[in-house]
1. Tally the DSSP beta bridges in the chain and give the antiparallel ones as a percent, rounded to 5.
2. Take each of the peptides 86-97, 165-176, average the number of other beta-carbon atoms within 10 Å over its residues, and list them starting from the highest.
3. Assuming R0 = 51 Å, can you tell me the calculated FRET efficiency for the pair Ser112 and Lys225, based on Cβ-Cβ distance, to the nearest 0.05?
4. Could you tally the net charge around Asp157, taking each other residue with its Cβ under 13 Å from the Cβ of Asp157, Lys/Arg +1 and Asp/Glu -1?
5. Once you keep just the Cα pairs under 8 angstrom separated by 6 or more residues, what percentage relative contact order results for the chain?
6. With the Cα gyration tensor of segment 9-127 giving a ≥ b ≥ c as the square roots of its eigenvalues, does the rule (a/c under 1.5 for rounded; else a/b larger than b/c for prolate; else oblate) give rounded, prolate or oblate?
7. Applying a 10 Å radius around every beta-carbon, put 238-249, 9-20 in order of their mean neighbour count, most first.
8. I need the calculated FRET efficiency for the pair Phe185 and Leu5, taking r as the beta carbon distance and R₀ as 45 Å, to the nearest 0.05.
Amino acid sequence: MDIPLDRPIVFIDLETTGLAQFLDRVVEVSVLKIHPDKSEEFMTTRINPEISIPPEATAIHGIADSDVVGKPTFREYAETLKKFLEGCDLGGFNIKNFDLSVLETEFKRAGSEFSREGRAILDVQAIYHRLEPRNLPAAYRKYCGKEMENHHSSEHDVRATFDIFKSQLEKHPELPHSIGALHDFCNERRSVNWVDNSGRFVWLGNEAVVNFSKYRGMPLSYMAKNEPGFLEWIVDKDFPPDTKKIAAAALRGEFPKKPQ
């Protein structure tokens, strides 16, 4: 790495029980520390999340409940990891939006202080997206081989979108060739823990809980009884229809049942 370092930088990657940053648990931590003299230290550790690992998560990272039996819990591992990260800047892929939120929550749950404050954060995904924009003109340039004209004219934008779609199907024969299968392909990043399609509510065990705001982690049943104004606010504001429907049902005492 041909850039000067004033202090070590640690690249982090986590495997977890799911994608709900403030509810799911870490099952594996890998950290690569680059020192100013360019020497490296690497550490990877399996973690017992103290909850069952969903089969959908195992299908992604290959770690099952049997693989974490006898492994340290995050509480037991926290001080070792905290010491390894001490005085370091932090890097990773999508680290700003996922890994750091998960780590901060896990450290807090373990009763240990950890913060990103005062550290440089290098998000490789953010660099990738800045260098290779993911907007309509960039997609048109990549798939159609020419520059868009009159971008932000709805007539030209919708035609360009369809042209890109046709080119994607031609250039990527591995893509599904049915609308239903393409729908599944487009939406595969939806977390198995989400109750609604935007992840405003998630499953914690068999109970639906809030996944945003100061009420994050609070069960819907609790909110309906003790904070109904919050659910009324969701119903009245510009939330997706399925989110509003769940909130309205909770106000009537009707709560989602987790699919078996």
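Derivation of every value follows stated rules applied to the coordinates shown; laboratory data play no part. These numbers were taken from a predicted model, which means no experiment stands behind them. Glycine gets a Cβ as well: all are built from the backbone with ideal geometry, and neighbour counts include every protein chain shown.
1. Numbers: 21 of 28 bridges.
Antiparallel: roughly 75 percent of the beta bridges in the chain.
2. Descending packing order for the listed peptides: 86-97, 165-176.
3. The formula returns an efficiency of 0.95 here.
4. My count for the surroundings of Asp157 gives -2.
5. That works out to 14 percent.
6. The shape class here is prolate.
7. Ranking the peptides 238-249, 9-20 by packing returns 9-20, 238-249.
8. Efficiency, rounded to the nearest 0.05: 0.65.
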